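The values are calculated or read from the model by the stated rules, or taken from the named source; none is laboratory data. Every value quoted in this text rests on a predicted model; they were computed, and no experiment measured them. Neighbour counts are summed over all protein chains in view; Cβ atoms, including those assigned to glycine, are modelled from backbone coordinates with ideal geometry. These accessible areas exclude ligands, DNA and RNA; they are computed on the full protein's heavy atoms, side chains included. Shrake-Rupley method; radii C 1.70, N 1.55, O 1.52, S 1.80 Å.
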Amino acid sequence: MASVPVKRAEGSRMKYTIENISQGENEVILRCAAPSPETEQLIRFLEFQNRRLLGTRDGVQVVIEPSEILYLESVEGRTFAYTETSVLQMEHSLLQLEQLLGTVNFFRCSKSAILNIDKVRELRSRASNRIDATMCNGEHIMISRTYASDFRRRLKGE
């Protein structure tokens, strides 16, 4: 088993080691003196990798990968997931979806919407400290001033 030297990402407070294995199962071992926000986020990220969601389109239940979602929106008490090609009604509330997805690539951007940070193509500052996020499909999602400063910190990795 070949071991790659310990690497430290610039600005990171956590070191990591990568070992290349020729056989066996991939494994992540997390060593820490005490849980921290960074280690908890890493755990949620790892757990997130196998998560699937159920939505309904045209009366048919559809399994959706969270990575396919551009944004989620609550409209008149119903929650919808928007992908590049379709809209699905979700069985979970926006708050439940925020708890399931919010710590990895998703961010609450207004009272009624959560966006997938990985699907944002451009950001433009707007009046009143709002941010206009252009998604990969060209749609515009407004990040309200209440959430804008948290969004900027999140992008900086804080």
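Quick notes on this one:
- Projecting label points 7 angstrom from Cα along Cα→Cβ for residue 129 and residue 75 puts them 3.0 nm apart.
- The angle between the Cα long axis of helix 37-48 and the main principal axis of the chain comes to about 70°, on a 0 to 90 degree scale.
- Between residue 56 and residue 99, the FRET efficiency from the beta-carbon distance, with R0 = 25 Å, is close to 0.75.
- Note on the chain: helix-only mean residue ellipticity at 222 nm, from DSSP H runs of 4+ residues weighted -39500 (n - 2.57) and normalised by residue number, equals -6000 deg cm²/dmol.
- The chain - percent of accessible surface contributed by carbon and sulfur, probe 1.4 Å: 47 percent
- The charge dipole of the chain, taken about the Cα centre with unit charges on the Cβ atoms of Lys, Arg (+1) and Asp, Glu (-1), comes to about 720 debye, rounded to the nearest 20.
- Computed from backbone phi with θ = phi - 60° and the Karplus coefficients 6.51, -1.76 and 1.60, the 3J(HN,Hα) list for the stretch 82-87 is 10, 10, 5, 10, 7, 10 Hz; x is used for glycine and proline.
- Based on C-alpha pairs under 8 angstrom that are at least 6 apart in sequence, the stretch 39-138 has a relative contact order of 20 percent.
- Spin-label pair residue 112-residue 84: with each label point 7 Å from Cα along the Cα-Cβ axis, the two points sit 2.7 nm from one another.
- Measuring r between the beta carbons of residue 137 and residue 38 and using R0 = 25 Å, the FRET efficiency lands at 0.20.
- Surface accessible to a 1.4 Å probe, per residue, for the residues of the chain, Å²: 68 Å²
- Given R0 = 41 Å, the distance between the Cβ atoms of residue 145 and residue 19 translates into a calculated FRET efficiency of 0.35.
- Summing charges over neighbours of residue 108, with a neighbour being any other residue whose Cβ is under 13 Å away from its Cβ, gives -1 when K and R count +1 and D and E count -1.
- Principal-axis tilt of helix 145-155 within the chain, Cα atoms, nearest 10 degrees: 30 degrees
- Distance in nm between pseudo-label sites at residue 30 and residue 122 (7 Å out along the Cβ direction from Cα): 3.7 nm
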